[in-house]
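Please read the structure below before turning to the comments.
The values are calculated or read from the model by the stated rules, or taken from the named source; none is laboratory data. Since the model is a prediction, treat every value here as computed from it, not as a measurement. We place every Cβ from the backbone using ideal geometry, glycine too, and count neighbours over all the protein chains shown.
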Amino acid sequence: MNVKNIKLAGVGRMALLSFIIIPALSGCLTGEPQVTNAASEGLTEVSDVENTAKNTRPNILFIMSDDHSERAISAYGSKLINTPNIDRIANEGVLFKNSFVANSICGPSRAVMLTGKHSHINGFTDNHSSFDGTQPTYPQYLQKSGYQTAVVGKWHLNSEPVGFDYWEILRGQGHYYSPVFVTNKPNEITVTKDIKNKHGRVIKTEYENTYLGAYATIKTGDLALDFLQNRDKSKPFAMIYNHKAPHRNWMPNVDDLGVIDTSDLQVPDNFFDDYKNRPAAQLQELEINDMYLSYDLKLSEADYAGDLADISLGWGHQWQALYGRMTPSQKKKWDAYYQELNKEYQNVKGDAKALLVWKYRRYMHDYLSSIYSMDKDIGRVLDYLDAQGLAENTIVVYTSDQGFYIGEHGWFDKRFMYEESMRTPLVIRYPAKIKAKQVITEMVQNLDYAPTFLDFAGIDIPADIQGVSLKDRLVEQKPIDRDSLYYHYYEGIEKEHKVAKQEGIRTDTHKLIHFKDVGVDHFELYDIAADPSEMHNLYGTEAISKIQSDLHRQLVKVKEKYQVPFTKI
């Protein structure tokens with residue numbers, strides 16, 4: 001496959017709006033956090049460089065994407081795409097080779113990151129939950145200790161952000177084109193909406209911005225730059241900068257169409273997996289063959305008329321609604337590009353195997369193209385830090401809310417405890433304290449972000465946080481004291497994609513998974529070193545019996561450690 005040269009984006013595209021941020025103290029904390037390295041008081045200089053020298057506490061820039069596989073990042077060795085700006089963070093800091101999530105689905109993973117606690121503790125177990133913002137989170141602790149806090153982009157927690165001086169977040173999943181953002185800082189173009197209860201009583205007022213003609217990835221970067229430019233420069237900042245990309249339905253920026261070429265892309269080795277001895281894998285509905293020709297694969301109704309009931313299922317109408325969010329000039333570029341590509345469908349639709357490969361290549365084209373646009377936007381923000389002398393004293397993190405299947409096992413999406421979705425990319429840069437070009441192979445989990453940020457900020461880590469701080473490993477190369485990771489997925493086969501409820505444990509070398517759901521109750525065990533693609537379930541075999549018994553003991557032990565109820569999976 002070919003990827004055209006990627007140019008680093010400068011800070012040329014300014015945002016439409018500027019905001020004056022008014023610091024506020026957050027309540028709802030359990031006790032007062034103890035600050036052992038407090039921020040300097042009374043700084044009035046406008047120079048970022050001068051303030052960086054005087055304020056020893058680091059700024060924090062947390063960048064997160066949605067559904068980004070580490071196998072689509074060149075720093076992780078990917079041949080699919082070049083990601084120079086994510087690579088830049090890794091090359092100037094640390095790349096984690098074994099970074100994992102505790103629950104591989106969007107909202108729950110975000111709740112784990114904010115709280116440093118497993119889903120059963122923070123209460124957000126699946127995407128149908130609502131996050132309780134009154135519980136302590138690391139942004140609340142940082143805000144209370146003198147940080148100016150912000151979140152822009154995707155939130156996806158079915159609640160308003162708490163602990164942020166400024167927030168402007170995508171409504172729900174968000175749209176790639178003409179995105180709608182909700183904010184706590186109204187301005188002259190903000191639409192005011194009253195939210196009423198069933199009795200017609202106004203229960204809250206919402207401030208909404210619809211950016212007609214904007215592309216969500218670029219608009220998110222604009223909002224991030226607005227905050228950085230207009231923040232209170234006497235305080236350290238902590239900003240969460242969350243992208244929608246590369247979440248389904250993978251709509252590339254029309255200005256980047258043609259950059260990614262997947263016409264010769266080969267399918268993964270286990271693309272035609274038969275799921276032998278893996279009953280839960282047989283039940284799922286997240287195969288690339290399950291994708292919709294309209295919504296997912298960008299065919300018009302004229303392209304597939306009579307071939308698939310996308311329209312009767314509602315997906316064709318949903319695709320038309322998303323397509324309709326583009327401006328006429330955007331539609332012109334989109335149509336000129338996709339109408340020509342879509343002719344390939346007519347050549348392959350009569351051959352089931354050829355059609356499936358075509359679907360994979362189309363999926364990968366759109367997925368990778370949305371990553372390409374996102375990486376450029378990250379470059380804009382990194383360039384700003386460099387230009388303003390902020391890079392040295394700013395912790396920059398890039399991660400995703402979980403991994404993703406990009407054809408492995410014939411799948412897209414996430415949810416399973418298998419490696420492709422349990423793994424998530426993680427790179428961290430902090431030039432003032434972290435040595436560059438490090439590669440860390442020890443296991444870390446998204447539980448660890450909250451305590452790490454608090455530790456770097458000089459705030460005592462609350463005893464109920466379940467993650468561990470990575471500060472000593474990053475700064476002093478001290479080993480991480482951890483033998484295993486606990487995983488738990490709650491949604492189940494009665495929800496979207498029909499992935500069974502599951503829990504399990506992962507060590508450096510093996511993985512034990514217990515699937516328990518309607519009609520499903522079985523174990524799987526994998527030797528990860530010998531079988532990294534997890535194709536051979538070894539559970540119940542004589543050769544692995546001793547390891548199997550040990551993993552069962554460790555699972556009981558880790559559930560006790562994390563206070564997991566034993567009455568439910």
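Some observations on this one:
- Evaluation of residue 347 against (1) assigned by TED's automatic domain parsing to the domain that holds residue 301; (2) modelled with pLDDT of 95 or more (one fails), failing number: (2)
Okay, residues lined up against (1) in contact with an Asp or Glu (Cβ under 9 Å, 6 or more places away or on another chain); (2) at pLDDT 95 or above:
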position	(1), (2)
221	yes, yes
235	no, yes
245	yes, yes
278	yes, yes
284	yes, yes
294	yes, no
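- Residue match in the stretch 134-148 (condition: at pLDDT below 95, surrounded by fewer than 19 Cβ atoms within 10 Å (Cβ to Cβ) and outside the structural domain of residue 296 (by TED's automatic domain parsing)): yes
- Residue 268 touching a residue at least 40 places away in the same chain (Cβ under 8 Å), buried (at least 24 other Cβ atoms within 10 Å of the Cβ) and either among the charged types (D, E, K, R) or out of contact with any Cys (no Cβ under 9 Å at 6 or more places or on another chain) (or both): no
- Of the criteria (1) modelled with pLDDT of 95 or more; (2) small (Gly, Ala, Ser); (3) not in a helix (DSSP H, G or I), which one residue 329 fails: (3)
- Residue within the stretch 100-108 that is in contact (Cβ under 8 Å) with a residue 24 or more places away in the chain and under 30 Å from residue 230 (Cβ atoms) present: yes
- Test: residue in the stretch 353-370 that is surrounded by fewer than 22 Cβ atoms within 10 Å (Cβ to Cβ), out of contact with any Pro (no Cβ under 8 Å at 6 or more places or on another chain) and within 30 Å of residue 234 (Cβ to Cβ): no
- Of the residues making up the stretch 413-442, those that are touching a Leu at 6+ places or on another chain (Cβ under 6 Å) and assigned to a loop (DSSP other than H, G, I, E, B) number 2.
- Residue list for the stretch 484-512, filter: touching a Lys or Arg at 6+ places or on another chain (Cβ under 9 Å) and part of a strand (DSSP E or B): 485, 486, 487, 488, 489, 492, 499, 502, 503, 504, 505, 512
- Scanning the stretch 68-126 for residues that are among the basic types (Lys, Arg), under 23 Å from residue 413 (Cβ atoms) and not in a helix (DSSP H, G or I) returns a single hit, 79.
- For the stretch 277-289, filtered to residues that are surrounded by fewer than 17 Cβ atoms within 10 Å (Cβ to Cβ) and touching a residue at least 40 places away in the same chain (Cβ under 8 Å), the residue that is farthest from residue 521 (Cα to Cα) is 289.
- Of all the residues in the stretch 450-477, those that are in a helix (DSSP H, G or I), β-branched (Val, Ile, Thr) and closer than 20 Å to residue 102 by Cα number 1.
- Screening the candidates 560, 524 for the property of being in a helix (DSSP H, G or I) and under 17 Å from residue 487 (Cβ atoms) yields one hit, 560.
- Of the criteria (1) surrounded by fewer than 22 Cβ atoms within 10 Å (Cβ to Cβ); (2) over 17 Å from residue 344 (Cα atoms), which one residue 239 fails: (1)
- All positions within the stretch 486-524 that are surrounded by fewer than 22 Cβ atoms within 10 Å (Cβ to Cβ), among the hydrophobic types (A, V, I, L, M, F, W, C) and in contact with a helix residue (DSSP H, G or I) (Cβ under 9 Å, 6 or more places away or on another chain): 493, 520, 523
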